[in-house]
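In what follows, a single structure is set out as structure tokens and then discussed.
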Amino acid sequence: MKTYEIESFLKSFLIFFVLLEILLAINFWHEYQVKKLEIEEKIQVEMKLCAYTIQCEGLQTDFVDKGKDKEENILYKDGDFYSYFSVPTAEKYLMKVVYPKSKYIARVKKLEEKLKHKFLIYSLFAALVSLLFSIYALMPLHRALRLNEEFVKDILHDFNTPLSSMKINLKLFKREVGENVKIKRLENNIETILSLQNNLQTFLRGTLTQVEEFDLKPLIHERVPYFELLYPDVTYHIDVIPFRIKANKDAFVRILDNLLSNAGKYNKKAGQVSVTLHGTLLTIEDTGKGIAEPSKVFKRYYKEQDRGIGIGLHIVKKLCDEMHIGIKIKSNTGQGTRVLLDISRVMA
């Protein structure tokens, strides 16, 4: 299951399970109160039997003077439970029957243990029902996502043939006419389409497992000129020393391309982009529009501009997490953006 499918499943499960638990809790609380009243009624019945049959096992009895403050056949709950009953042979006295509160508490605790055990069984059943409900509810979504992914994969695969044909014909045309600015722009446009295709493939399948050792400096010097041609109004500065890392090279290129592309795409006219390496911290900084809410940029489909589809930085974060590269974004609106990559864990 994909991350978003797991998230949807957990949310569905928790919402349904919590609702069932709330209903169960209300029902058991009501049952608890009713059972407590039943215990008190049983205590009063036991007191009456004691008064009329003189069978008072576990009860305490005494004779007290009648008084206006002593109502008969009423259960008093002042400390111990007690009641007053009339004595046929002694009109001036009342029989006081006392039920120790400790015995009442013991009966209530026994009731609580019984209800807790019952509540646990019902909760396990509610969890099972919630699990089945969540699976059943997500099955159509799962099928729709699989069909959508297969459709996108087919489209991406179909792109390969015309793109390959375009690249081959463009190379042949370049041999005939030589270097040309327009041809270079066409090459950049093809590279842009290929980059988008790679982003979508990464979004669908994740990173490749192959790891290799390579030098960061020539890789950056190889990728930056492509974006210099793509964004001619932006000046790129590189200050990177030779630094060997061990990672998935294709995935690392995806990270660089997305960050360099954003730095050029959302920059100001005559803006600048700096790529620097200090120790194990690779920084890509621009003088662009900035980001209003940097904490949200890694969320899927989040974007603050009309351009793009909002998956570029999500893919960057996903790749960084999978390769154990720390990433932070510092930005303010109108003051540019700084992306910091901690590559200490992938250094060769």
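Observations, loosely collected:
- Meets criteria (in a loop (DSSP other than H, G, I, E, B), in contact with a strand residue (DSSP E or B) (Cβ under 8 Å, 6 or more places away or on another chain) and of a type outside the set (A, V, I, L, M, F, W, C)) for G290: yes
- Of the numbered criteria (1) without any contact (Cβ under 8 Å) to a residue 40 or more places away in the chain; (2) surrounded by fewer than 21 Cβ atoms within 10 Å (Cβ to Cβ), the one L229 fails is (1).
Okay, residues lined up against (1) in contact with a Gly (Cβ under 6 Å, 6 or more places away or on another chain); (2) surrounded by fewer than 15 Cβ atoms within 10 Å (Cβ to Cβ); (3) more than 26 Å from I193 (Cβ to Cβ):
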| site | (1), (2), (3) |
| --- | --- |
| V224 | no, no, no |
| H237 | no, yes, yes |
| L259 | no, no, no |
| A263 | no, no, no |
| T283 | no, no, yes |
| G290 | yes, no, yes |
| S295 | no, yes, yes |
| K303 | yes, no, no |
| L319 | no, no, no |
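Matching residues to (1) of a type outside the set (A, V, I, L, M); (2) within 20 Å of V224 (Cα to Cα):
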site	(1), (2)
K246	yes, no
K249	yes, yes
R254	yes, yes
K269	yes, yes
K318	yes, no
M323	no, no
G334	yes, no
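- Test: residue in the stretch 31-50 that is exposed (fewer than 10 other Cβ atoms within 10 Å of the Cβ), assigned to a helix (DSSP H, G or I) and of a type in the set (S, T, Y): no
- Conditions (1) surrounded by fewer than 11 Cβ atoms within 10 Å (Cβ to Cβ); (2) without any contact (Cβ under 8 Å) to a residue 40 or more places away in the chain; number of the one not met by T61: (1)
- Residue-level analysis places G67 outside the set of residues that are of a type outside the set (S, T, N, Q) and on the phi > 0 side of the Ramachandran plot.
- Filtering the stretch 314-332 to residues that are modelled with pLDDT under 85, touching a Lys or Arg at 6+ places or on another chain (Cβ under 9 Å) and closer than 16 Å to E293 by Cα leaves only H314.
- Residue that is modelled with the highest pLDDT [pool: residues in the stretch 51-73 that are assigned to a loop (DSSP other than H, G, I, E, B) and touching a helix residue (DSSP H, G or I) at 6+ places or on another chain (Cβ under 9 Å)]: L59
- Checking L131, L111, L94 one by one, the residue that is in a strand (DSSP E or B) and surrounded by 13 or more Cβ atoms within 10 Å (Cβ to Cβ) is L94 and no other.
- When residues of the stretch 265-281 are limited to those that are over 31 Å from the mean Cα position of the chain (by Cα) and hydrophobic (A, V, I, L, M, F, W, C), the one surrounded by the fewest Cβ atoms within 10 Å (Cβ to Cβ): A270
- Summed over the stretch 77-95, the residues that are in contact with a Phe, Trp or Tyr (Cβ under 6 Å, 6 or more places away or on another chain) and of a type outside the set (A, V, I, L, M, F, W, C) give a count of 2.
- Any hit, the stretch 330-341, residues being surrounded by 15 or more Cβ atoms within 10 Å (Cβ to Cβ), of a type outside the set (D, E, K, R), part of a loop (DSSP other than H, G, I, E, B) and over 25 Å from the mean Cα position of the chain (by Cα): yes
The values are calculated or read from the model by the stated rules, or taken from the named source; none is laboratory data. Values in this document were obtained by computation on a predicted structure and should not be read as measured data. Cβ sites come from the backbone with ideal geometry, for glycine too, and all protein chains shown count toward neighbours.
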